[in-house]
Structure formats: C-alpha cells, structure tokens
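What follows is one structure encoded as structure tokens, with my remarks underneath.
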Amino acid sequence: VRLQLQNNLGSDLRYRGILDCLIKVATNEGATALWKGIVPALLRQVCYHSFTFVLYEPIREVVSAMLGMEAGQTNYAQRVLSAGISAAIAITIFNPTEVVKTQMQSSSGSTSMQEVVRKVWHKDGVKGFWAGLRPNVLRTFLVNGAEIGTYD
C-alpha cells in the first residue's frame, strides 16, 4: 500500500521498489509493521467473499428469469454478470473494512483499528467509510465476475 501511495503524494520517492520498501519498513518500524492491517484485511476477505457466495445463486436465478431462461440454464455472460453484481453488493457493504485496512497499512506510526475508526469518523463521518467505493465496486465486479463466472 505504501509503495502505491508514494506516487500519489507528489514528493520524492521514498521506496525504490518492493524489496526496498520491505527492508525500510522492517528496519524503521520493526518486522511487525509488515503485518499492519492484517485483522481488517482478514475480516474483509471472510465477510466479503462469504456474502458474495451467498448472494450469487439467488442473483443468478433472478438474472435468468429476467432474460427468460430456465433455472440452471445460464450462459457464461449471465454467470459473470450475476457474480459481478453479487461482488459489487458485498463490497458496498464491507467497504469500511477496506478503508480501515488501507489507513492502517499506509500509516507509519502505530495505529489500532479503533484509532483508525475514530479518525475516519471524526474527519469524514459515516461517508468516510465508503471512500474509494467506486473503484472497489468496479474492481470486484470485474475480478469476481470473471472468477466466479468461470468457476461456476
């Protein structure tokens, strides 16, 4: 996350690459800093993917019905669309965990989940937890649409 963010900050590059970033973070902040944001990341993954799979089948049936297809007679495009819609709904619900994870990982100091939640709340209110939602929805729609659509 830090390596990606340094290009957006408009300053001199702090890290020359992934290995340089890993070494500098571990040296300056300790090896545990490499695992910052792991709790919200795991929480997001488990909740988001579980919810995506729970939604997929009912949405696939609705898409089939809307297109006049019999249940279970979906083609690849319909499966991709259904999976993409499921993923988009799930990430919309669980985007706050993505925001907390990213804030924790981009911080060079010690921050807990509670501190990050408090900072986001005080700075932007509820709206702050859905920062970056549009690119997340687009990414999850495309990636999970293709992934689940191909798997099914």
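Annotations for the structure displayed:
- Residue among THR32, THR111, THR140 with the largest mean-square fluctuation in a Gaussian network model of the chain, springs linking Cα atoms under 10 Å: THR32
- Shape index of the stretch 58-144: Rg/Rh, with Rg the Cα radius of gyration and Rh the Kirkwood radius from the inverse mean 1/r over Cα pairs, equals 1.18.
- Look at ILE85, ILE91 and count the other Cβ atoms within 10 Å of each Cβ; fewest to most, that gives ILE85, ILE91.
- Computed from the C-alpha gyration tensor, the three semi-axes of the ellipsoid equivalent to the chain are 36, 17, 13 Å, from longest to shortest.
- Mean-square fluctuations from a GNM of the chain, with a 10 angstrom spring cutoff on Cα atoms, peak among GLY37, GLY132, GLY84 at GLY132.
- Across the stretch 85-102, rounded Karplus estimates of 3J(HN,Hα) from the backbone phi angles (6.51 cos²θ - 1.76 cosθ + 1.60, θ = phi - 60°) give 5, 4, 5, 5, 5, 5, 5, 4, 6, 9, 4, x, 5, 5, 4, 4, 4, 5 Hz, Gly and Pro being marked x.
- The stretch 36-151 - charge dipole about Cα centre, Lys and Arg +1 at Cβ, Asp and Glu -1, debye rounded to 20: 540
- Using θ = phi - 60° and Karplus 6.51 cos²θ - 1.76 cosθ + 1.60, couplings along the stretch 120-132 (whole Hz; Gly, Pro as x): 4, 4, 5, 6, 10, x, 4, 4, x, 6, 10, 5, x
Values in this text are rule-based calculations from the coordinates and carry no lab data. Just so it is clear, the model here is predicted, and its values are computed rather than measured. We place every Cβ from the backbone using ideal geometry, glycine too, and count neighbours over all the protein chains shown.
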